Amino acid sequence: MPKNMEEEKKKICIVGAGAIGTALANVLAHNSNLEVILYSIEEQVVDSINQRQYNQKYFPNTKLTWRLKASGDVNVLSESSVIFLAIPSSVMLDFVIESKHLFAPDAILVNMAKGLSKDVHFTIAESIQANVSQRVATLKGPTFARDLIDKMPTAFTLGSVHEELFPLFKEIVADTNVYLDFSTDLRGVELLSTMKNIYAIATGIIDAQFDSPNLRFMFLTKAFNEMRSILIHFGGAKKTIFKYCGYGDFGLTALNDLSRNRTLGLLIGKGFFSENISNMVLEGKNAVNIFSGILSQDENLTEKFVIINELQKVLTQPNYDIPSFVHHILNDD
């Protein structure tokens, strides 16, 4: 390819070569207008991708496109116009702060981690934005990495206060299996991606106890309404819940047995809950602790958001009577 055509390619970096980072990188690398680099601190993963076109750790049986390259050199960030951050929420902000001197002034940072921030900014994307001058977005939706890398149609919501980013990202995902909708409600998109884990646990408990379609969808309706109320209470826009990041991600996480948080709920409902088991699934449990801790400061809110309040009791009271969980949340009126 002529040198001038190479220079026209948009340089994309995905930070984190886990399942979702690898899947997204492989999908985007099929777009011939992009130069995609997967950055990882795991030397074996980098070598496996570059030498054999496999991520032996996360997708040992899936051959990756030859267009995808991996690197362990953090300086690749300085050459990238769009940086997808697909690393755990627990290390996200530290990584951004330590690396921000490498970001180009016009680079775009995209948060893919799910969870809440430990600082006053509450959501991860808002914390990132408070610490950098670059434009920030978030990418959330009903997505399992396996389906994404297998080229099944997959949807995300792009959230950003910068509306001009949506056409740019539509070009980035052009001719791939990724579909986007958009919201300027950055906080709402982030909140929903965390809340759905809470209600996936609760759905798992319900299904393990009863496996009743009638009860399941009665509960899902109540859960959906509670999610919307909490979204509004914390400053999100009520219409955001109808985006892929809301209704779609909640449905995927609550109803599919590949969901770790739903699986935790199933284990609780079947009586296999223990501290060791709960430590394996941190997203939903941590979210319950954070949200219920804030809501508990107002007794009226505790009574209003009955599902999250009752789930907090399940996770913190060793002698909680699990069969009574359904009774408490359905008889709150």
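Every number here is computed from the coordinates shown, using simple stated rules; none is lab data. Note that the structure is a prediction, hence the values are computed from the model and not measured. Note that we place each Cβ from the backbone using ideal geometry, even for glycine, and neighbour counts take in every protein chain shown.
Computed values, structure above
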| item | result |
| --- | --- |
| Centre separation in Å (Cα based) which lies between segment 212-227 and segment 1-77 | 41 |
| Per-pair calculated FRET efficiency, R0 = 56 Å: Lys9 and Ser212 via Cβ, rounded to 0.05 | 0.55 |
| Rel. contact order, % - alpha carbon contacts under 8 angstrom, at least six apart, segment 188-330 | 33 |
| Under 14 Å from the Lys118 label point (7 Å along Cα→beta-carbon), backbone N, segment 74-99 | 88-97 |
| Extended-chain gain in nm, criterion 0.36 nm per residue less alpha-carbon gap, Gln297 and Ala237 | 19.3 nm |
| Fluctuation leader among Asn33, Asn286, Asn61 - the chain, Gaussian network, Cα springs under 10 angstrom | Asn61 |
| 16 Å Cα-Cα reach of Lys114 towards lysines, excluding residues that sit fewer than 8 places from it in its own chain | Lys140, Lys196, Lys285 |
| HN-Hα J in Hz across segment 157-166 - Karplus 6.51, -1.76, 1.60, θ = phi - 60°, x for Gly and Pro | 9, 8, x, 6, 6, 9, 4, 5, 6, 4 |
| Estimated vicinal HN-Hα couplings, Hz - segment 59-67 in sequence order (Karplus 6.51, -1.76, 1.60; Gly, Pro = x) | 9, x, 10, 10, 6, 8, 5, 5, 6 |
| Estimated dipole of segment 3-184 in Debye, rounded to 20 [Cβ of Lys and Arg +1, of Asp and Glu -1, Cα centre] | 440 |
| Amide N proximity, segment 154-169 versus Ser133 label position 7 Å along Cα-to-Cβ, cut-off under 19 Å | 162 |
| Cα→Cβ-extended label distance, 7 Å offset, between Phe272 and Ser90, nm | 2.3 |
| Interchain or long-range residues, amide H under 5 Å from Ser259's placed H | none |
| Helix-only mean residue ellipticity at 222 nm for the chain, each DSSP H run of n ≥ 4 adding -39500 (n - 2.57), per residue, nearest 500 | -14500 deg cm²/dmol |
| Kirkwood hydrodynamic radius over Cα pairs of segment 3-184, then Stokes diffusion coefficient at 20 °C and 1.002 mPa s, in µm²/s | 131 |
| Rough spin-label spacing in nm, given labels placed 7 Å along Cα→Cβ, for Ile97 and Glu171 | 3.5 |
